[in-house]
Amino acid sequence: QVQLVESGGGLVQPGGSLRLSCAASRMFFSIPVMGWYRQAPGKQRELVATITSGSSATFADSVKGRFTIFRINASNTVYLQMNSLKPEDTAVYYCHGTNGYTNYWGQGTQVTVSS
């Protein structure tokens with residue numbers, strides 16, 4: 001069983017930056033696709049970004065040009081760098097991993113963008 005543990009959330013002013021981290025307990029090599037989702041109050045969970053084991057990344061239109069995603073396989077960690085944050089980025093952010101058969105989720109970390 002793989003466990004995903006997020007960290008790095010918090011309160012930031014509009015225009016600020018945050019970096020989220022997601023550490024996998026083990027077997028990172030067995031999770032070819034990692035990503036981040038978010039869920040705002042009263043809204044459905046939505047995909048933010050994904051990255052493959054070969055570092056091919058995709059982004060939601062709402063975060064393109066502001067967010068980047070990268071993974072360091074040697075440390076079993078994936079990161080979400082969030083720049084130029086907006087109030088509408090406020091949500092609980094969840095780390096996700098999948099091998100196409102099994103989905104793994106972290107517990108979520110709160111990101112609040114407010115002045």
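Miscellaneous remarks
- The alpha-carbon atoms of the chain define a convex hull whose volume equals 93 cubic angstrom per residue.
- DSSP bridge orientation in the chain - percent antiparallel, rounded to nearest 5: 95
- Separation of segment 4-82 from segment 91-114 is 8 Å, based on Cα centroids.
- Using the Cβ-Cβ distance between R66 and A40 with R0 set to 22 Å, the FRET efficiency works out to roughly 0.85.
Values in this text are rule-based calculations from the coordinates and carry no lab data. This structure is a prediction, so every number in the text was calculated from the model and none was measured. Cβ atoms come from the backbone with ideal geometry, glycine included; neighbour counts cover every protein chain shown.
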